[in-house]
Structure formats: C-alpha cells, structure tokens
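Here is the structure we will look at, set down as structure tokens.
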C-alpha cells in the first residue's frame, strides 16, 4: 500500500510538469510561421482573405494568445484535444488510431533491450577483461554508435531484399486480411526489424550500465560477507549482486522513456509503421499544429505512465524506498 | 592447549608498483580454542590483510606467496576453492567493521542469517527459521521476531552488529575473526558489543581473532595480543605483559601515544569570557506533506556555555548528540534558530550573511577529515593564503605569510607549492590548522580534528595544538567523541546528549565525579578504562 | 603528464583518438581535396564505388560525388556536434550548478523544468523547434543543444550536491568566501571532470540527432550532411544500397571515435575504476 501511495505522490507531482510542457510547447508553436488555417488553405488550393478570417474565428485563432492558451488548457481538462483540419477528424481519434503500433513497438523494444542488456551485462562483468567481455563491450559500442535509421535500412537490405526473410515495412500485410492468431503472427513478423532497430541502441546502453553496476556492487562489503559465509560465486551473483545491480538500470529506463519514444519517430518512418512517431513527423511537414500539440500531450502522458511503472518496480526491488529512513 | 589456527611464516604479496612489496611478511601466529587474540596495529600495518588471508578472500592481484595457514591441522593454502567454501562460515566465520555495508540492504535480516544454514546444512525452512530466531535471541536483539523480518536500514548500528554476530556464530564455528567490529560504533554500544562477544566466546569456547587499532579495546578484551607494523608481527604475548611491559620499541611508542583518561592537573583559567553561548537551538524538520506528518529533530536544544579567554572547552558526546551541529552554528555554517553567540561582545547569531563574512576572521574552524577538508585542485599554500586574500591582503604577501604559517605548524615552508594529495593525513591536518590560524582568530573551533588519524599521528597533532594555544593565546572549542583525547586537551567539558548539554564543568571534576547518569554511563563504557592511568601522554613521534 | 600516460595505456582509447584525428583530417582537407561544391552535379548518377577512379566512392542518385560529400559532411557533423555540445553543456552546468548549490526552492523550480524537458521526448521537441524556427544549420545546431542539456544538468547538480557540503567548501565559507567564488573557484573545478567526460556522450548523441533530422529531410538541405545522403540513398536502396551504406559508416566511425575518447578520458581520470 505504501508503495502505491508513494508512486501516487510521484504521479501527482508530474501534473505541474505536464502543464509546464503544454504551456511551453503551445507558446512555442505560436511563433511558428503560419497556423492551421494557412495549412488548410494551402491544402484547399488557396482561398480569399474572408474565408481565412471566417475559419480563424471558427477555430478561435482570432483571440489573444493567452485566451487561446486558456481555451486549449480548458479543453484538455475535458480531454478534448481539438480537431485536426488536415485529417478532418478529432485529434484524439487520429492519435488513438496510431497509438497501438507505437505502444507495441515501445514495449517490444524495451523488453528486448532490458532482457539482453541485463544478460550481456552480467556475462561481461563476470568475465571482466576476458574475451567475452571484450566481445560484448565492442558489440555494445558498435550498436551505440550506429544511427538507428541506418541500421534499419541496412537490415532491410539484408533481411528483406537480399534474404527475403522478413517484410521491409508496414504494420501488417494489407494485401491479405488475416484474422486471429495468423494476424498476430503477421504483425509480430512485421515488428521484428523495427524492434531490433530501436532496441539494439538501448540494449547497448543498458548492457554498459549493467556491466558497470555489477562491477561496482561486486566490490561492496556485503558481497565479501556473502563470500565469507562460504557461498559460491554463482550464488553470490544471483542472490546478492543482481538485485542491487539492477537498481541503476531500472532508474535509467524511467529517465530514457522519453528518448526512446523520440527514437520511434525515425524508426517508424524507416519501416512505414503507422505509429505516433510517424504521425508527429507528418504533422510537422503538414503544419498540423493541433495534432502536433496533441502528440506532445499524449507522449508526455506515456512517459509519465512508464515512470509510474518504474517507480512501482523500484519500490518492489528496494525496501529502503517504502520503509525509508 | 594445542592451537586450532596457526599462521606459520605467512607472506602476502602486493601487486607490483605499490609502496611496498608485501602486505604481510613472515607472519606467525597461533590461536587456541577459548581464547581471544588481539591483532593490533595502525593503518597499513597489515592486520586486516591477515584476516583476509586466513579466509582466502584477498583482493585481486594480492596473493599468499609463502608459509602455511593451518586450521585444525589442515593447510588452508592447499585447499581447493570448493573445500575452502566449506571452511568459510562453518569452520571460520567473520564479522566486519561496518555492519551497515556488510549486510545486503535489499534482503531481510532473517533471510541473511538463514542463508548460513541453507549453505552448510540440510535443515528445513521451518527449522532454519526457528534456529535463526533462537540466534537473534542469543545475541540479545530487543525484538527477535521483528528483527527477523527487518531490513538492515531499519535497525540501529548496534543491532546490525548483533545480527552480524548471530550470523557468524550460526554454525558454532571453531574460529571467529572480528575485523574492527566496534570501530564504527558509539562508545556505549561498543561496550555492549564487546561484552556480548566476550560472553558468547566464553560460553561456546570459540577461538576469536580480534583485529583492532585501539589499545583500550585490547586491554578490555584480549587474552593475548600481537602487535603488527608494516606487515610484520613485532611483538606478541600475554596482554598484561605486553601492555604493562612492552619490549619492542614500536610497541612502547604506540602505547605511550594512547592518551590516559585521567586529566592532568587543572590550569588556572581567566575570569574573562571570550565567547558566551546562550540558549542556542536548532531544529530540523524532515518529511511530511504540507506541514502534516513532519518529524522534528532537536539537533541542538537550548545550549548555554561560556568559553573563558585562553581556555579549551571540550564538547563531547556520541554520534547524533548535536555536538557537530553546535560547532557549525558557532561559525554560522548553520544558522541557529534562536539564542546568542557573543564573541568579544558581538552577537554572531544576529549578523547578516554579509556582516558574518567579515566577522569570520575572529572565529575559525578546523575540520575532521584531512582528505575532504582541502580542495584537491588547489595548492596547499594557496589554501592557506585564501582567507587572507579574501580579507584584503595582496596575493604575494598572503603567499609569503602562508610560508610562515607552514613553519608555524611544523611543515616545510617549501611545501606550499604542493597539492594536498602529496601530503600524509597528519600533514594535511596541519595545513588545515595553518589555514584556520592565518586569519589570527580569537577562537578556534576544532571539530574532531584528530579522529581520523592514527594514534601516533594524533599525539603529534595534539601536541602541536597545545603549543599553539600557549604561544598564540588561542581559545578553543574542541569537539570530540573520544573522552581520552578530551581528558588531555580540555580545561572545561560539556557532555551532550540528544541536542542538550547534560553536564558541564572543569574536566577533572566531571571525569572523576560524574553527576549525570549519562556521563557516568559514557565513562563506564570506555574500553580499558584504567589502561594508561598514571602516566603522561607522550608526544614523541613514532619512528 | 600522468593523465596523458594513463590515457595512452588503454588500446581502445588510442584507437578512438586515431579515428577522431582521421575524421578531423577529413574535415580539414575537404576544401583542398574536393574544392568544388559537394552538392553540385559531378558526373553520371549511380556509379558504383571503386569502378571509376574519378569517383572513388561512386556517385549518388543525382550524380553527386559521394566521397566529396563524405569529406565535407565530416565538417558539418563535427561542427554541429561540437557547437551543440558546447551549448548543451553550458546550459546544463549553469542550471545544475545553481540547483545543486542553492538547493531548496531554486532547486525545486529548476528541477521541474529539467523534468519537463526529460518527459517530453527529445526528438519530438527537436521536430517542434525545427518546425517553428526553420531548418538552417544554425537553428538545427541550437535546437539540438537545447534538447540535450537535461542529463548534464542532472549530473552537475548531483556533483554539486555532494561537493557543497564537503569540508573544503565549508572551510571556504568559514574563511568568508562569497557564493560566486565558492561555486566557480572551489566546487566547479572538482565537479567538472565527469561533466567533461559526459560531453562526449552529448556530442555522440548530437551527431546522431542531426543525422536523423537530415535523414528525415528536416535539416539544412543546403549543406552536405551524411544524414541527407543516407536519406537520398533510401530511394535506391534495393540495388544501389551503397549510397546509404557509406555515409552510415562515416557516422558510425565518428560517433565511435568520440565515445572511445570519452571513455578513455573517464578511465584516465578515475584510474581506480578502470575495469568499468
């Protein structure tokens, strides 16, 4: 229970952060050359000033910046993200359509990165400065230094064009409409390369953190205590080192949730995935500022949600958090 | 009685490139059942390495390169790692200096003690729990059932060390190695833990190898003692013989450097006070949300004291007594909430930060940690000159003055060009002293200035402080947890507990006829109380 | 000096330095080796590498010399990486130092702002900034600097928090030093090494961010950027994959070099933790 109240308090503390972001980005977008109406008019192939004025009144764009901000925040409180003039649908609907692909990609990449980062980090730390460590550390550095989108393109060349094992893009095969398990499998197949592309970069980071944190914990006093009890190294690592070493890695997940979501913009573009990131890119190109603001809001919510889960996880791992002194 | 553990001519090699080749050189020791052998020495003497060598838990690159370690007749050096693991915990168990870090913070106490049985026995989970609870009972932890479920951070330092002892004694090992087990504890807790170890050892007939730097502890607990220096055993024998009639020159110097608890005859003090502390309080509020559920700690509570001109006022107490907070209030590193601190008639507590900045020249501070109290990126001379420059002296003059001050505190004036890491602990403390004295303050606040130093270095710094007090007519507020040190340097003493002064007066009176029960308990807890009685503190440097 | 000796003891650090010097030489010699505009038409499009001695690395789909773009691209990457890092670290140190030194309300307020920047996905913010201020090389550089400061601010703050109560800082205060001198004279020099090392991480990420922007055609189209070239090569990926592959390797080598140098510096500064 104390865990929940603690995480709940953290959640409440992120509300001002959320407003800070929204106000900041809203004001920033006021500086943008051209507003939604300009974009709309351009799409309609131009129009006269009277129509533009009418449209501006319709969208409330003729009001002062502060009144517009007030309106926007008030609408947000009622969970109304506004209307996307470009897509001709409410922003909430547009985003809801794109959300599943991104969440799926994020979950898959994060799990992949965490799991393999953990294992490789432990293996590297156990054989520090021996060949497995050198190999793992070198590979980690390579994945870290590779631009994700480039890795994605090269993976397409190898696995989709040359070997023809995996699809080159898209969320599912739209030429045939699968259902049930067959569809799940199809989506999974489509997500293999995007997951690897986004996940390998973070795996490289996690493995480096895990390796360092393992080496640090291995030097702590209680590890010596465990050894002095007559415990063998494997048990020392599993029972005493691992959980302590995990803590910095778990913290990092929370800190990097935002960066990872940002990375999905590029990956979704490379693999033509209909996700939030690609939507963000399209909104920038089409100057659909309402949608862009909506994406900012939803991404911030996602990051806050990830941090909430991370807080819960951390509190479960570390009793000092809840019974703290 | 035949010894159970024998170190026969053991040498331990350090990695190449260190300041010496061997951590232990030809060490021979014998430990019999039912006795406590103290290995005593200063830092770097190789005493902790001895413990690690016996357990074969040496740091990377450090290896045993000669001799035999016989446990029940078997040479531990020849055992395989798997055989050695059977000896660790079951045959030879170990407790460490810092019980907080020696326990895994993420696992419960019961779990960590139970692990001993899991590793070395076939007991069922229920039996393990019962045995563990019995152990916690045996080491007299207040509420064993609660302690069983508790995590290390939920226990006090003394309770944690009790849990460590319970863990070490779980399987009735033949030998217990205790590596400075009471160094991190307060003096009253230390007395309890020493008694516990002694009692358990007597009852179970365990052989205890007790490693310490404190001759008081040796006098309190040891049957026999071995003195180590630079990796070698220089003297060994019955405790009374070694302490009462040391043969080796090093042992003699070391013992002479331990301050006796009895204060020297009182000096006549001036009637004129230089500093008056009146009703000073400082509270801390932690936690809580919008004022609810706040925890209020009275770090300093209504303290009133007087420091006569030229006198040394000792403030003693255990950790958390508020003595350091009080010291920091005096120099306004912490702003007291209420009360007056009158120095030469000016109330420091009421000065603005800007006014205090210029008033700092009248009151200066010396800090505890000789490694943390100097900026590693600033030359020693600059550190000393800094205060003078801030208060308006031109840089060349200030640097020249720094050289003079180096001479004053017994350092080579040419050393002003060096960086702090090039000095030893004792030398750094001299630099700290020179920095404080540069501004020619009327009052010097010394916060545990010798606590981090080895006993022989400590004696030298105390001697320097006494000389400077005489020469410069300094008035000193001396904060310490060590009553032996207080007895030697202070004219007056105030005993603090939980933020309050429970007793104050001339040191001779307070120490010989303590009035408050806490003062009595504190004095009664000092290990080896009578040790060193009837002799003067030697100031000669140890070779 | 000790630091130099320690640095050169580690083979990866030396490799990193060699690679970095290589990239620097490429950047410096670009004008000399390829004096013509790297974005101008140079020959037949899509010549494979090593098939025509005039175009060692071949040409892209618009007939531009790939080698020329790689050499000139080194300048852009290093320039954007370097300047963006400087901006980011400067903001980070200022905010982190103020928050860590003054604590209390200053800390709470500044950390809220930092949190806000970390909650908003950095690439998304970068998109917004570029959408608002346009895609010139200056705005892109400044924007990258603005989105990547929070981590260095946190790092600086953590250092300041641990250092400000260190005894030598307290000693400075009892000597009567002013806040400014305590911050810049006593604390900052000691807090700086880890932040400087972290700058290599920021620089690596800055280079990656710029290349990603360029790949999405949102960076300055008028300069020869490696990301631009990868983006252009995407259209001919099926057959002429080398157009995308070559600039990717250039980015990989540069980021690797920067990271290795950073790690080498870190190990040299903390020799005790060398095994990390």
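Compute the Rg/Rh shape ratio of the range B:273-525: radius of gyration over Kirkwood radius, all on alpha-carbon atoms. Ratio value, two decimals: 0.98. For chain B, the relative contact order works out to 16 percent when only alpha carbon pairs closer than 8 Å and six or more residues apart are counted. Extent of the range C:161-203 along its three principal axes (Cα atoms, max minus min coordinate, largest first): 39, 17, 11 Å. With the helix formula -39500 (n - 2.57) applied to DSSP H stretches of n ≥ 4, the protein assembly as shown reaches a computed 222 nm mean residue ellipticity of -18000 deg cm²/dmol. How high is the FRET efficiency from residue B:347 to residue A:317, r the C-beta distance, R0 45 Å, rounded to 0.05? That gives a FRET efficiency of 0.30.
Where does the range C:74-228 land on the Kirkwood hydrodynamic radius, alpha-carbon pairs, in angstrom?
Averaging 1/r across every pair of different Cα atoms and inverting gives 16.4 Å.
Shielding by partners for peptide C:160-172, expressed as the average number of C-beta atoms from other protein chains within 10 Å of each residue's C-beta, is 6. Extending 7 Å from Cα along the Cβ direction at residue C:25 and again at residue A:11 yields two label points whose distance is 5.9 nm.
Binning the C-alpha pair distances of the range B:101-170 at 10 Å intervals from 0 yields a P(r) profile of 23, 60, 16, 0 %, listed from the shortest bin outward.
Simple spin-label estimate for residue A:182 and residue B:83 gives 6.7 nm between the two label positions (7 Å along the Cα-to-Cβ direction from each Cα).
Cα centroids of the range B:322-357 and the range C:42-68: 77 Å apart.
In chain C, the alpha-carbon atoms span a convex hull of 159 Å³ per residue. Quick check: the distance between the Cα centres of the range A:193-272 and the range B:21-54, to the nearest angstrom? Centre-to-centre distance over Cα atoms comes out at 39 Å. With the largest listed first and rounded to whole Å, the semi-axes of the equivalent ellipsoid of the range B:71-190 from the Cα gyration tensor are 24, 18, 12.
Equivalent ellipsoid of chain B: semi-axes from √(5λ) of the C-alpha gyration tensor, largest first, are 44, 29, 23 Å. In summary, the convex hull built on the alpha carbon positions of chain A has an orientation-averaged projected area of 22.4 nm².
Using 0.36 nm per residue of separation minus the Cα-Cα distance, give me the extension gain between residue A:77 and residue A:50 in nm, one decimal. Could you put the intermediate results ahead of the total?
Details: separation 27, 0.36 × 27 = 9.72 nm, distance 3.23 nm.
Full extension from residue A:77 to residue A:50 adds 6.5 nm.
Which FRET efficiency, nearest 0.05, do residue C:162 and residue A:301 yield, Cβ-Cβ r, R0 35 Å? With R0 = 35 Å, the Cβ-Cβ based efficiency is 0.55. For the range B:314-427, the share of alpha carbon pairs falling in successive 5 Å distance bins from zero is 2, 10, 16, 18, 17, 16, 13, 6, 1, 0 percent.
Once the Cα atoms are used to define both axes, helix A:65-77 deviates from the longest principal axis of chain A by about 60 degrees. Averaged over residues, the count of other Cβ atoms within 10 Å places the peptides B:304-310, C:175-181 in the sequence B:304-310, C:175-181, highest first.
How do B:275, C:26 line up, fewest other C-beta atoms within 10 Å first? Walk me through the numbers on the way to the answer.
Details: B:275 24, C:26 21.
In increasing order of surrounding Cβ atoms, one gets C:26, B:275.
How many angstrom lie between the Cα centre of the range B:449-495 and the Cα centre of the range A:40-117? One Cα centre to the other: 72 Å. Could you give P(r) for the range A:179-325, binned at 5 Å from zero, as whole percent values over all Cα-Cα pairs? P(r) for the range A:179-325, in whole percents per bin: 2, 8, 12, 14, 15, 14, 11, 9, 7, 5, 3, 1, 0, 0.
Remark: B:186, B:223 ranked as B:223, B:186, counting other beta-carbon atoms within 10 Å and listing the fewest first.
Take each residue in A:149-158, count the other chain C-beta atoms within 10 Å of its C-beta, and the mean is 6. Principal semi-axes of the equivalent ellipsoid, √(5λ) from the alpha carbon gyration tensor of the protein assembly as shown, are 62, 36, 30 Å from largest down. Helix C:104-119 and the long axis of chain C differ in direction by around 20°, with both axes built from C-alpha atoms.
Multiply the residue separation of residue A:131 and residue A:219 by 0.36 nm, subtract the distance between their alpha-carbon atoms, and state the gained length in nm to one decimal. Spell out each step's value before the answer.
Details: separation 88, 0.36 × 88 = 31.68 nm, distance 2.14 nm.
Net length gain for the segment: 29.5 nm.
Using C-alpha pairs below 8 Å separated by at least 6 residues, the relative contact order for the range B:61-177 is 36 percent.
Taking label points 7 Å from Cα along the Cα-to-Cβ direction, residue A:142 and residue B:319 give a separation of 4.9 nm.
Quick check for you: which residues of the range A:69-102 have the amide N under 15 Å from the point 7 Å beyond the Cα of residue A:42 toward its beta carbon? Under 15 Å, as judged by backbone N against the label point of residue A:42, lie A:85-87 of the range A:69-102.
Diffusion coefficient of the range A:154-214 by Stokes-Einstein, Kirkwood radius over Cα pairs, 4 °C, 1.567 mPa s: 97 µm²/s. Sorting A:160, B:124, C:62 from the fewest to the most surrounding beta carbons within 10 angstrom yields B:124, C:62, A:160. Sorted on the mean count of surrounding Cβ atoms within 10 Å across their residues, most packed first, peptides A:235-245, A:265-275, B:142-152 read A:265-275, A:235-245, B:142-152. Calculated from the alpha-carbon coordinates, the range A:2-91 shows an Rg and a Dmax of 17.2, 62 Å respectively.
Given 25 °C and 0.890 mPa s, compute D for the range B:154-310 with the Stokes-Einstein relation, Rh being the Kirkwood radius over Cα pairs; round to the nearest whole µm²/s.
On the way: Rh = 20.2 Å.
Rounded, D is 122 µm²/s.
Give me the tail of P(r) for the range B:407-543 as a percent: Cα-Cα pairs with distance above 22 Å. Of all Cα-Cα distances in the range B:407-543, 45 percent exceed 22 Å.
What FRET efficiency do you get for residue B:245 and residue B:32 if R0 is 25 Å and r is their Cβ-Cβ distance, rounded to the nearest 0.05? The calculated FRET efficiency here is 0.65.
Ignoring solvent entirely, what values of log10 I(q)/I(0) come out of the Debye formula for the range C:163-276 at 0.11, 0.20, 0.22, 0.24 Å⁻¹ when each Cα is a single scatterer? Treating every Cα as an identical point scatterer, log10 I(q)/I(0) equals -0.58, -1.00, -1.09, -1.18. With respect to chain A, whose longest principal axis is taken over its alpha-carbon atoms, helix A:242-270 is tilted by about 30°.
Within 10 Å of each Cβ of B:357-370, how many other protein chain Cβ atoms are there on average?
3
DSSP finds beta bridges in chain B, and of those with both partners inside it, around 55 percent are antiparallel.
Value of Rg to Rh for the range A:190-255, rounded to two decimals, is 1.15; Kirkwood radius and Rg both from alpha-carbon coordinates.
Normalised by 2.2 N^0.38 Å, with N the number of residues, the alpha-carbon radius of gyration of the range C:31-127 equals 1.78.
Read-outs throughout are calculated quantities, based only on the coordinates presented, and are distinct from any laboratory measurement. Every value quoted in this text rests on a predicted model; they were computed, and no experiment measured them. We place every Cβ from the backbone using ideal geometry, glycine too, and count neighbours over all the protein chains shown.
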